[in-house]
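To start, the structure under review is shown below, and the notes come after it.
The values are calculated or read from the model by the stated rules, or taken from the named source; none is laboratory data. As the structure is a computational prediction, the values presented were derived from the model and not from experiment. Cβ placement follows ideal geometry from the backbone for every residue including glycine, while neighbour counts extend to all protein chains displayed. With ligands, DNA and RNA removed, areas are computed over all heavy atoms of the protein, side chains included. Shrake-Rupley method; radii C 1.70, N 1.55, O 1.52, S 1.80 Å.
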Amino acid sequence: QVQLVESGGGLVQAGGSLRLSCAASGRTFSSYVMGWFRQAPGKEREFVAVIRGSGGTTTYADSVKGRFTISRDNAKYTVYLQMNSLNPEDTAVYFCAAGSTWPGISQREYAYWGQGTQVTVSS
């Protein structure tokens, strides 16, 4: 079992930045592919970013490429999502997830999910 707890969400103006964190507990963190997903009001949950266990390979959704950066600290059992140049379309609940398969773009690849953290970007 893996428990995931997100933090770092909040209200920010357009053009601003936020850094989300996801703290994990349970089995060996470095063995998991870690992903970030988001769900805006009235929309389905969508892929944002994913990182391999070693941290050497990442993939991003086109909508966030060049603005968001996913990283991880395996010693701290934590994965991060640095979000820059935020715009109102980034408003959503952000979830982190842990899985065992690559490329980690589909929600079906993830067995464990956090409760989510709200990000609101005002115009």
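Quick one: Ser63 ticks every box in (1) open to solvent by 20 Å² or more (accessible area, probe 1.4 Å); (2) under 21 Å from Leu4 (Cα atoms); (3) hydroxyl-bearing (Ser, Thr, Tyr); (4) at pLDDT 95 or above bar one, so which box is it?
Here Ser63 clears every test but (2).
Could you please find all residues in the stretch 1-56 being among the basic types (Lys, Arg) and farther than 17 Å from Ala97 by Cβ? Before you say what the answer is, go through the steps one by one.
Filtering the stretch 1-56 down to residues among the basic types (Lys, Arg) leaves 19, 27, 38, 43, 45, 52.
The answer is Arg19, Lys43.
Can you pull out every residue in the stretch 101-119 that is surrounded by 15 or more Cβ atoms within 10 Å (Cβ to Cβ), of a type outside the set (A, V, I, L, M) and modelled with pLDDT of 95 or more?
Result: Gln107, Glu109, Tyr110, Tyr112, Trp113, Gly114, Gly116, Thr117.
Find the residue count for the stretch 1-31, including only residues that are modelled with pLDDT of 95 or more and crowded, with 16+ Cβ neighbours inside 10 Å.
Within the stretch 1-31, residues that are modelled with pLDDT of 95 or more and crowded, with 16+ Cβ neighbours inside 10 Å number 11.
Enumerate the pairs (first residue in the stretch 75-100 and within 19 Å of Ile51 (Cβ to Cβ) and open to solvent by less than 20 Å² (accessible area, probe 1.4 Å); second residue anywhere and among the polar types (S, T, N, Q) and part of a helix (DSSP H, G or I)) with beta-carbon separation below 9 Å, excluding pairs fewer than 6 apart on the same chain, so at least 6 apart or on different chains.
These pairs meet every condition: Ala97/Gln107.
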